[in-house]
Each structure stands twice: as structure tokens, then as C-alpha cells.
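Input: a single structure, listed below in C-alpha cells.
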Amino acid sequence: MSLLINYLLPAFVLFAFGIVEIFWSFLTKENRHFSYIAILGGILAFILLLLNIDEHYSNGVFIFDSAGTILSLLFVFLMVVIAFSTFRFNYSHPEIFYSLLLISTGSMVLAVYSSNLISIFVTFEASSMATYILASYPKSRKTLEASMKFFVIGALSSSIIIFGISFYYISTSTFSLGYTSGSSLYLLSLIFLMVGFGFKLSLFPFHSWAIDTYTGSRSPVSALLSTSSKLMALAIMIRIFIFTFDKGLSGYVQLFFIIISIFTMTYGNVTALVQRDVKRMLAYSSVANAGYLSLVFTILPGSGPELALAAIIIFSIAYILMKGGSFIAMENFEDKGTRIEDLSGLGKKRPLLALSFTILLFSLAGIPPTMGFMGKYFLFLSLIEGNLWWLAIIAVLNSAISVYYYFRVVMYMYWKNSDKQISGNAYIDYAVFSLSILTLVLGILIPVIIGSFYNIWGMIP
Amino acid sequence: MVYLLLLLLLPLLFSFIPLFSGRYSKLLSSFLSFIVLLVTSIFYFHINESFKTLAFYGVDLNIAINYLSYPLVLLVSIVVFAAILYQDPDIEGSYFSYIFFLEFSLFGVFMSQNLFLFYIFWELVLIPSYFMIGRWGGPRKDYTALKFLIYTHVGSVLMLVSIFILAYNYYTIYGNFNFDYSSIFKAIPSGSIYYVVLAGFFLAFFIKLPTVPLHTWAPDVYVESPTTSSMIFSGLLSKMGAYGIFAIFMEFGDPELGWFIVSLGIISLIYASFSALAQRDLKRMVAYASIGHMGFISISIGVYFISHSTLALIGGMFMMFAHGLIIPILFGTVGSVERSTGTRAIRDLGGLTKMMPNLAFLMTGGFLASLGLPGLAGFIAEFSVVVGSWETITYISFLVVFGLVLSASYHIWALQRTIFGPYNNYLGKIGDMIPREFWPMLILFLLVLIFGIFPSPIYNLFLQYSGGVY
């Protein structure tokens, strides 16, 4: 099973189904057909990915390891859920939406496997291009604004990444990851790469596009942007920075990431406290979560990053389920307003949706025994193992602050009443419900299966 | 043994039943809670049971009951049974579900033998409590529910950091993760990190207790909740903090800390008593009384830290049990006053004994038990603490006695202004306690009386736990 094509096949299947979507549009314009095709392609890719979950293979361009496969599985799973939840979408040109959904997911799958700056850049750009257009679907002033901001910042970050890549090449004379050099140019390239990918991950000084884009674009698209797209950037950064730490630069890079992560979590949480708009609150909490995600870079230089690397996978699983699910749930309020008052009485009107959303919010707040708690638990445990217990305290305090704004939403859902009707359909409810059940079940299972998350990052280039 | 697991899971199973039982939910819930009470009572003859599964990275299902946790498990079953009997039958079935879920979480807190499991159950308590305050609370319920949540959650997550540090320290010494109570405390670190660990546990337990500078969530929660919830919160949630102190915080045994905790306890007792004197709302006064009594637990553990006085320690432990039985009577009778007269303001009441003789009997009994009258359960606890602490803190004990006098004065004064004295004719003709209010209160009061005269069934358990002879 070490043929390269076996590993590339899932991504190719996604691309192929993306093209099938385009051709299908010559036959019909009904949304559900395209949704079916996307779900079918997603399931096929999911099965193909499952087949090589234990396989390891690398050449100079790609590195196929279990960590990448788990992340790809998550991306494909979320894509299927999004395609399912948008079953009743009724806008013109549905083929654009679903084809770009498939293509962007396919590119993300390739991106998390890339171990060469050229292939990283190409796949990263391919997925970004697809998401720029997705952000503007369906056509309206609001989504156009979101997409425009996203595009301008995305172009800027791409150029910064290009700068980083060229510095990298000058200092190490290669594009492959895993080579280091002690020169100051190398450090410069790391800073450029960190800033470039930090835009995508919405780290603190580079986060402002994220708020407007996540709020402005349609909720299923926000679900994709705030989870899959972010985790792709995270995986790329881990692949880049995992090698940089044993070569005398670790002190600087670690300090840099410590400062960035503290600012990111604190800023995200404190600003989320005052938001009255739930979607905007979720956007800010997504910035805060980027802070938790970036904690992994502070632990990498420690003596044993194994726990941290296992923990980041667990946190990624939790994050994609809970954040993706919360944004998909917001689709119900898209037409009538997403202010916190608009969620009043959801517990009476749509009990299933309210229950699922509550579980997801509990998970985001880190209440056991949900997956969100387990992710944070193992991440913070790895911080303490890396002798950064004071950073763990800051992270834990941040997590405690966040309880306020998540539970306020629960409060409105269950014990405020309003006569306002809530739009949306059962497909969204079932999508959110499936994610919330997974959050709960995996949260209980994780202590049992954590051993299988050890040593799944293939480190040799 | 697997029966213990069944006891733990029984309330969880029962929490689903009231959802589907419609208008019979109260009847069914009373019956179910009685079953839990029966099963718990049977375990009196099987204390020291345990149940353990295989561990994965130090995380396992490890539950047991011992001489400290059994009385609390029993207390939970008794108070939940009484509270469900007391509840108005008009309420939705889901309220009873939350109560059973809370009972499950509390069982978990008291039974778990593993810090990881302990933390999970500790946090799980928040969810039903949050909904119970927020959905069925008084006019300021939104504010109160969030305040309660933030206060206790901040304490809990700091405890999580402490657990992490302990686990990591254990890992560096022994090479594997292990969260069991029997092992993890071998790895208490030294140096500055020691104080971080200590602070995490201290805040978690003393916020939940509550003790004075950290108490402000408690009066709001007790007052804004409906009577049943007040009975459960004041009687049982504060016991989580107390249990944490006796089962976990005691492992630190730091003599320097002893004086700090004793002074905190005394301040708590006196401050809460003065606050209670000043209250115009009867329910709020009872809430402060509850906080004041928790001061005895701080005093007892502080004294134990300084001089290892077992008598004071057992007094504190017995205080948990006695207070858990007494405080629900106070809240229950105040609830009856409110239902019958429509007000809780002390100055609008007066001479209720004329119209409500049963209430007058139970309320007087409850208040006297609360102030520590000999012959009732509260006295045993307070007496043990005061006598046990005399050797250690000598003249400072006068402050404790001063607190007791204050406590007696606000109880008696409140009785005088509400149920004795001339009848306030503006109240008109009012009815006495109705049966659903009277019987659970009577059961609790009889228990207080029995354990006041014959405390040894419970007292001996605590004695065996602390292994002391005095």
C-alpha cells in the first residue's frame, strides 16, 4: 500500500466530484442533487482515508502520517455535515457552492500532508482561493463585504508567506522542511511564515479579518472557515516549526509564541464577553480558541512534545465538532437576526436544536465530560509537563472567563421567551445533533483511546 | 463490588423517568428517591465497599465509600427525599430530573477515589444547579445563576491546575500518571509551586463552603431559588466544599496555614452573624445563618492543622451532617411562611403561632437546633469543635463563643418577631402548613432530635475515619 496514488486518491476523489458538480449543473439546478453528490463524494473520500489511517509514507513533497489522516478525516466529515445541513438551501448556482466546498476540502487534505514549502504554498493557496468565493455565497452585500475583507487580507498573507519561503530558500538552499540554519535570515523566514500562516489561524494582531468574515458570511461557510481552514494552517505550522526547535533558536521562537498565545486567548475571551450578537461572539471565541491551539508551539521545544502533539489532535477533534456545530446551528437565525435575544425560547420551540447547541456550548466552555473538556485537559496537562504551569494557569483562567458568555446564550435559550418565529429546517437540527452526540460520546471515550494518539506525527522529512 | 456502581448510577437512571411521567412526576419521584434512600441505608452495613476498573494513563473509574463519605451519601439521599416530598406538585417533571441528576453528581463527588473523576463530578454539579436556579428562580435569577456559575467555576478550574501540577509531579517522580487519592498526594511538590497547588484547592473548596470573603454567591443563590432548591443547595452543595476539605485538603496538613484558616472561620462566623442580625428578609437571614455555621468547619480543620486535635476534627465532620439536616428545616419552614402569608419580610410577620401552630413547632425546633441547643444535633458538633479547639487556640475560643452568642441572639430575635408576640392582623386569616410541607420537615426534625440524643451511629463513623481516641 505504499503507492503514492493510494494516498492522493481521497483528495482526487474530492476534486473529481467537484468537477462532476459543475457538469451536473447542465442537467438541473435543484439544490438537493448537488448536496447528494457532495455527500457521496465526501463519504467515498472518508472511506478511502480510513483505509490508510495506519500507513506512513513520505517522499520529499508529501508526508503521509496518521496525524494528517485524522485531520483530513475531520475536514471531510465536517464537509459532509455542511453539505447535509445545506440540503434545503435555495439560491442560484448551487453547483458553485458544492463544487468549491469539495475542492477546498480536497486542497486542505493535501495541505496537511505537505512537507515541502512549494507544495504547502500551492495547496494552501488552492484552498484559500476556493474559500474566498465560498465566503461570498450566496450573493448579497453582507457576504460580499465579508469575502472582500477576507480576500484582501488573504492576498497580503500570501505575499508574506512567499517572502518567508524565499528567505527559507536563501538560508537553507532547499524548499523541503526539516533543514535548519543558524543564520539570522532563517529566523526572519520563520517570522514571516509565522505571520503569514498566523493570519489564517487568526492569531492576535492578525485576527481582525476573521471577526468580520465569520460574522458576515453564511453560517455553514463560517463553520468551514473557522475550523477546517484554521486547522489546516495549524497543521502546516506544526510541520514547519516542529523542526526548528532543537537548533538554538528555540528560546526566541518559544517566547514569541508564548506572548502571541497569551494575547490571542485573552483578547478573544475578553472581547467575546461584551458581544450581544451570538455569531460575532462565536467569531471572537474562535480567536480565543486559536490562542489555545497555538499553545502547542510553546511546548514543542520542551523535552518531550509527545503529549502535546497528541493533545493538539484531541483538541482539534473537539474544536472541529463544537465550533463547526455551533456555526451550523446559527444558520437557523441567519434570516431573522443573530442577536442573543433572537435565540429566546429556543428550548420550547426547537427542543432538539436547543439541546444539541447547549451540549456544544458546554463543550466550548470546557465542562466535563464533553470532548471540549478532554481537549483542553490534555493540552493543559502537556503545558504542565513542559514546565509552563504559569501559562497553564493563564489558559485555565481564560477558559473560566469564557463560561460567562457561553452560558448566557444557554440562559436565553431556556428561560427567556419571545413570540418570534425561528426559521431553518430539520436537516440543520440533525446535523447539529449528530455533532453534539459525537462531542459527548468521544469525550467519554477519549481517556480510553488516548494511547492511540501518541507518535502519530511523522517527523522525518 | 459492582453494587456500589449500581448505587452511583441509580439516580442517573431515575433522572430520565420524571421526564416521561407527566402529572404523576412528583409521586413517582418521591417513590424513586425513597428507593435511593433505602438502598443507601442498606449500605450502612457494607461501608468500605469499592469498585475499580483498569486505569488508562491514570484515569479510571475508581469509586468507594468509606467512613467519611458514607454519612454524606446518606445525607444526600435524606435531603433529596425530603426536598422532593416538599416540592409543589404543579412544577414540571424536568425539575425532578435535574434533582436526580444533581443527586447522581453529588454521589459521584463523595464516592470517587481519583482526583480526575472527582473533578468531573465536581463540575457536573454545576449543570443541574445552573438550570435549577435559572429556570425556577426568583426575580433576579439570571444574575444569580451566572454569578453562581462563574464563582464556583473559577474555583474549580484553579483546582484543575493544582491537579495537573500534582499529576505532573507524580509523573516526574514515578514515571506514570496516577490520580488516585492513595498515591497522588505522595507527590506534593515543594517550593513556590507548593503554594500554587495549595491555593487552587483552597479556593475551590472554600468558595464552595462558603467562607467569608468568598461567600457572596451563597446568599443570592439560597434566596433566589425556590424553597426545594434552597434546601438542596444549602444542605448539600456546601457539603461538597466541606468534604473536599476533609478528604483532600487535609492531606496538605500545613500548620502555618492552620492559623489562617481558623481566623477565616472565626471571621466568617462573626461576620455572617452580624449580617444575619441586620437582615429584614427572613430567608436571607437563614442564608447568612447557613454561612455562619460553615465557619465551624474552617475552625475545626484549622485547629486540626495546628495541633492534630481529633475532637475538633470530628466536630467539624459532624457539623457537615448536622448542618445538612438542620438548614433544610429552616428553609422549608420559611418557605411555608412565604406561601401562607405571601411575604418574607420580618417586620410584616408576627404572632404566627396563633394561626400556624404546626409551623411554630417546627420552626422553633429548627431554629433552636441551628443555634446549638443541647439535645439537638447541632449542639454535638459545636460543642466538639469548641472543646477541641480550646487546647490549641485557648483564649481565642472566646471569639468563637461570642459568635455562638450572636448566633443565638439573631435566631431568638427572629423567632420573637415572626412567630411569637402579638399577631399582625393585616395578615388576615391564614392556613397552617399543608401536609406536603409538614411531613418532610417533621422527618428531618425527628432525625435532628435522634442524632442529638444518640449521635453515635454517625459520630462513630467519623471517629473511625480519623482513627482517633480522645
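The values are calculated or read from the model by the stated rules, or taken from the named source; none is laboratory data. Keep in mind that this is a model prediction, so the values were computed, not measured. Here the Cβ is made from the backbone with ideal geometry for all residues, glycine too, and neighbour counts use every protein chain on show. Just the protein is used for accessible areas: all its heavy atoms, side chains included, with ligands, DNA and RNA removed. Shrake-Rupley method; radii C 1.70, N 1.55, O 1.52, S 1.80 Å.
Kindly indicate which of B:233, B:260 is among the aromatic types (Phe, Trp, Tyr) and surrounded by fewer than 20 Cβ atoms within 10 Å (Cβ to Cβ). Unique residue meeting the criteria: B:260.
Of the residues contained in the range B:330-339, one or more are found to be among the aliphatic types (A, V, I, L, M), under 20 Å from residue B:378 (Cβ atoms) and open to solvent by less than 10 Å² (accessible area, probe 1.4 Å). Every condition in (1) buried (at least 17 other Cβ atoms within 10 Å of the Cβ); (2) in contact with a Phe, Trp or Tyr (Cβ under 8 Å, 6 or more places away or on another chain) holds for residue A:4 except the one numbered (1). I'd like the residue in the range B:434-470 that is modelled with pLDDT under 85 and either charged (D, E, K, R) or over 22 Å from the mean Cα position of the chain (by Cα) (or both) and, out of all such residues, is nearest to residue B:41 (Cα to Cα). The selected residue is B:467. In the range A:367-400, of all residues being outside any helix (DSSP H, G or I) and facing another protein chain (nearest Cβ under 8 Å), the one that is most open to solvent (accessible area, probe 1.4 Å) corresponds to A:369. Just name the residue that is most open to solvent (accessible area, probe 1.4 Å) out of those in the range A:76-104 that are assigned to a loop (DSSP other than H, G, I, E, B) and aromatic (Phe, Trp, Tyr). Filtering first and then ranking leaves A:91. Restricting the range A:401-433 to residues that are among the small types (Gly, Ala, Ser) and surrounded by fewer than 18 Cβ atoms within 10 Å (Cβ to Cβ) leaves a set whose member that is nearest to the other protein chains (Cβ to nearest Cβ) is A:418. Within the range A:167-206, the residues that satisfy the criterion of being under 28 Å from the mean Cα position of the chain (by Cα) and open to solvent by 50 Å² or more (accessible area, probe 1.4 Å) are A:175, A:179, A:188, A:191, A:192, A:204, A:205. Scan the range B:275-319 for residues that are of a type in the set (Ser, Thr, Tyr) and open to solvent by 10 Å² or more (accessible area, probe 1.4 Å) and jot them down. Of everything in the range B:275-319, those that are of a type in the set (Ser, Thr, Tyr) and open to solvent by 10 Å² or more (accessible area, probe 1.4 Å) turn out to be B:275, B:288, B:304, B:307, B:309, B:310. Report whether or not residue B:171 is more than 9 Å from every other protein chain (Cβ to nearest Cβ), open to solvent by 10 Å² or more (accessible area, probe 1.4 Å) and either touching a strand residue (DSSP E or B) at 6+ places or on another chain (Cβ under 6 Å) or in a helix (DSSP H, G or I) (or both). So residue B:171 does not fit the description; no. Taken over the range B:115-142, the residue count meeting the criterion of being in a helix (DSSP H, G or I), open to solvent by 10 Å² or more (accessible area, probe 1.4 Å) and more than 10 Å from chain A (Cβ to nearest Cβ) is 0. Checking each residue in the range B:86-111 for being within 12 Å of chain A (Cβ to nearest Cβ) and hydroxyl-bearing (Ser, Thr, Tyr) picks out B:94, B:98, B:105. Being under 26 Å from residue B:63 (Cα atoms), more than 22 Å from the chain's Cα centre (by Cα) and open to solvent by 50 Å² or more (accessible area, probe 1.4 Å) is the filter here; which residues of the range B:1-30 pass it? Residues satisfying the conditions are B:1, B:2, B:3, B:6, B:13, B:16, B:17. Residues in the range B:147-157 that are open to solvent by 10 Å² or more (accessible area, probe 1.4 Å) and either farther than 29 Å from residue B:130 by Cα or more than 7 Å from every other protein chain (Cβ to nearest Cβ) (or both): 2 in all. Scanning the range B:391-433 for residues that are without any contact (Cβ under 8 Å) to a residue 40 or more places away in the chain and β-branched (Val, Ile, Thr) yields a total of 3. Has the range A:345-353 got at least one residue that is more than 9 Å from chain B (Cβ to nearest Cβ), within 16 Å of residue A:311 (Cα to Cα) and surrounded by fewer than 24 Cβ atoms within 10 Å (Cβ to Cβ)? No.
Any idea which of (1) open to solvent by less than 30 Å² (accessible area, probe 1.4 Å); (2) closer than 27 Å to residue A:271 by Cβ; (3) over 16 Å from the mean Cα position of the chain (by Cα) is the one residue A:219 doesn't satisfy? Condition (3) is where residue A:219 drops out.
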